[in-house]
Amino acid sequence: MKKKEITYFKNLNTAQRKAVETIKGPLLVLAGAGTGKTKVLTTRLANLLYSKAAHPSEICAVTFTNKAANEMKFRVEKILNKSVAGWWLGTFHSIAARILRANAELVSLKTTFTIIDTDDQIRLIKKILSAENIDDKRWPARSLLAIIQRWKDMGLNPKDIKNPFHLGTDFANNQSIRLYKIYQQRLITLNAVDFGDLLLHVITIFKENEDVKKLYQNKFKYILVDEFQDTNASQYYWLKTLSNKHENLCAVGDDDQSIYSWRGADVNNILNFEKDFTKAKIIKLEKNYRSTGNILEAASHLISYNKSRLGKTLWTDDKMGNTLNVRTVFDGQEEARAISDEIESYQRKNISLNNIAILVRASFQTRNFEERFLKIGLPYQVIGGLRFYERSEIRDAIAYLRLLHSAD
């Protein structure tokens, strides 16, 4: 045991080790980008087991995506050299679904309930709008779904909403609450839930069934959560409820990376952590292993103007690296021309195209680059998606245009 412990503590820096060893009471780990937060989470979980602080069934570790959950499982299995199958380690939705299936009858569901996707939700809402004689063109089903999803992100059932203008939306002349209620009733009739229901139903069960709530509060001695800055009101309430008994909630997140407010994420969950958990400790992971000094200095200086943050300064042992060049351009086309010119200058210096990457914020921004590269004959590859002109809708549109052109 001791040899194994030395092995998995070996590559931790001082702050990381402190976060791993601080196992009693609420803990907020402020982890900047590239500071090893996943390593801290997985090593902390292993330490809880090696120190015999908890059995695997007494630990709940949650994150946001299946990819992140699988990465966490892989790393824990590598440290422990054993399978984590059956452990409470996964996404918010997968763990909530597991709790819900065990208590489905408490919200009028059967344990065999199905989880519907967005397309199924849209179809169901369209049927409801049609039955209620509401014009789907004037009041789109997708708009109502967005309202309902936001209410669910806030942990609100139809009966909890007193003001339909809560989201600043007057759908179908103030009928949104009534339609939300019908939607929920239809889901129950179909023995189905959407993703928002997974947490919402569990919260309802906890609020209305004290014995069930205490069962899970007693069960989970330790709760670990990744990407805490992305939690919404519903997820935060769920975490607070589960950790109420033992208060061993370890939240790992970065207040400087909270970018999902549009889908309900609330950075105040981090900012108010010390208020909600009065015994909380805060540990900052500031040593960066990913970027050079110049990049970190520029990023730290820029983010320092954000007032809604707890504050930290990333640093590195790495070299300063190349300086950053900031260039202002008029539009996307000018940007594409400027970058293509720079790439061609690299080619003249015998720098391979394989060593050049263009990062964009959203996939639609690749179009200007693709058009420019096609025009000058510069080979390229789009990573993580289709080329603009290979997308089915674009290929169809071009085919129709060619047909019209040939008809002339």
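The values are calculated or read from the model by the stated rules, or taken from the named source; none is laboratory data. The model shown is predicted, which means the values in this text are computed figures rather than measured ones. Don't worry about glycine lacking a Cβ; one is built from the backbone with ideal geometry, like all the others, and counts go over all protein chains shown. For accessibility, only protein heavy atoms count, side chains too; no ligands or nucleic acids. Shrake-Rupley method; radii C 1.70, N 1.55, O 1.52, S 1.80 Å.
If you roll a 1.4 angstrom probe over the protein chains with everything in place, what fraction of the accessible area of the chain belongs to carbon and sulfur, to the nearest %?
The computed percentage sits at 50.
Spatially, the stretch 65-92 and the stretch 125-143 are offset by 42 Å when compared through their Cα centroids. How much of the pair distance distribution for the stretch 179-240 lies past 18 Å, counting alpha-carbon pairs only, in percent? The share of Cα pairs beyond 18 Å in the stretch 179-240 comes to 49 percent. Between K137 and A53, the C-beta separation translates, for a Förster distance of 56 Å, into a calculated FRET efficiency of about 0.45.
The relative contact order of the chain comes to 20 percent, based on Cα pairs under 8 Å that sit 6 or more residues apart. Relative contact order of the stretch 215-282: 37 percent, from C-alpha pairs under 8 Å at least 6 residues apart in sequence.
The gain in end-to-end length when the Q257 to F9 segment is fully stretched comes to 86.5 nm, 0.36 nm per residue minus the alpha carbon separation.
Considering only alpha-carbon pairs that sit under 8 angstrom and 6 or more positions apart, the relative contact order computed for the stretch 259-333 is 31 percent. Here the gap between R327 and L215, fully extended at 0.36 nm per residue and compared with their Cα-Cα distance, gives a gain of 34.5 nm. Ranking H405, H246, H201 from most to least accessible surface, computed with a 1.4 Å probe over the protein chains only, gives H405, H246, H201. Solvent-accessible surface (1.4 Å probe) assigned to I116 amounts to roughly 20 Å². Ranked by the mean number of other Cβ atoms within 10 Å of their residues, highest first, the peptides 353-359, 183-189 fall in the order 183-189, 353-359. Descending by average beta-carbon neighbour count within 10 Å, the peptides 207-220, 80-93 line up as 80-93, 207-220, the highest first.
If you compute Rg and Dmax of the Cα atoms in Å for the structure shown, which of (i) 25.3, 81; (ii) 21.4, 72; (iii) 31.4, 98 do you land on? Checked against the structure: label (i).
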